[in-house]
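Working notes, structure below.
The values are calculated or read from the model by the stated rules, or taken from the named source; none is laboratory data. A quick note: this is a predicted structure, and the numbers were derived from the prediction, not measured. Here Cβ is always computed from backbone atoms with ideal geometry, including for glycine, and neighbour counts include all displayed protein chains. In case anyone asks, the SASA skips ligands and DNA or RNA and just uses the protein heavy atoms, side chains included. Shrake-Rupley method; radii C 1.70, N 1.55, O 1.52, S 1.80 Å.
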Amino acid sequence: MNPDFQTLTRDNIVAFIADIFDRRGGEEYLGEPVTMAQHMLQGATIAEQNGMPEEIIVGALLHDIGHFTSEFGTYHPDDTEDRHHEDAGAEVLERFFPSVITDCCRYHVAAKRYLCATRPEYFNRLSAASAHTLELQGGPMSAKEVAAFEANPNLKEIIQVRYLDEAGKRPDMDTPGFDHFAPMVQRMVDRHLGEG
Ligand SMILES: [Fe+2]
């Protein structure tokens, strides 16, 4: 069952996301030793343990939310093409979250292509599955793409979340559940939309 996307508000968006984690989080993260929920919770937990700002913690927590594209299937009834998962996620988030969060989601695949082009040692951090999809996603960026990417004001955060994306693939890590992060996510929504 898809919830009616249009009924999402600042008061139920966090519950909507929590519900996705709950119902869909156990799904396999293709080729990785963790589920989708473990992957996103690991990134957020590592960020929190390292004292990173809330933007990074929440960015890591939500960066792959678009993997559950069917949850957002009613959003664009006229779509004829499959959308990229990172765009689907960002479209949901942009109504409620600041651009730094949506950019961490929208550009996490681009960030991999960027880092592979600009930091030669970065490629070695990629899991086998991620190295494989790199080719499908266009391979390392060209110099022109790199220059365009560097113009994004949220570049630093996008890259930090990308490193957490790589880090959050541990078969043996304990993390708190989504509930632990929910108040932080709500705070971010409220701050973005204004307290009123
Ligand atoms: Fe990811």
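Just one of the listed residues (Arg95, Arg23, Arg83) is at pLDDT below 90, surrounded by fewer than 18 Cβ atoms within 10 Å (Cβ to Cβ) and more than 13 Å from the ligand (Cβ to nearest atom), and it is Arg83.
Tell me, which helices (runs of 4 or more DSSP H) lie completely within the range 141-196 with 1 or more residues that are surrounded by 15 or more Cβ atoms within 10 Å (Cβ to Cβ) and without any contact (Cβ under 8 Å) to a residue 40 or more places away in the chain? It would help to see each step written out before you state the result.
Values: elements: 143-150, 155-167, 178-193.
Output list reads 143-150, 155-167.
Scanning the range 68-78 for residues that are open to solvent by less than 70 Å² (accessible area, probe 1.4 Å) and either modelled with pLDDT of 80 or more or of a type outside the set (Val, Ile, Thr) (or both) gives Phe68, Ser70, Glu71, Phe72, Gly73, Tyr75.
Residues in the range 39-57 that are among the aliphatic types (A, V, I, L, M) and within 15 Å of Asp179 (Cα to Cα): Met40, Leu41, Ala44, Ile57.
Away from the ligand (no atom under 13 Å from the Cβ) and at pLDDT 95 or above, is that true of Ile46?
Values: away from the ligand (no atom under 13 Å from the Cβ): no; at pLDDT 95 or above: yes.
So Ile46 does not fit the description; no.
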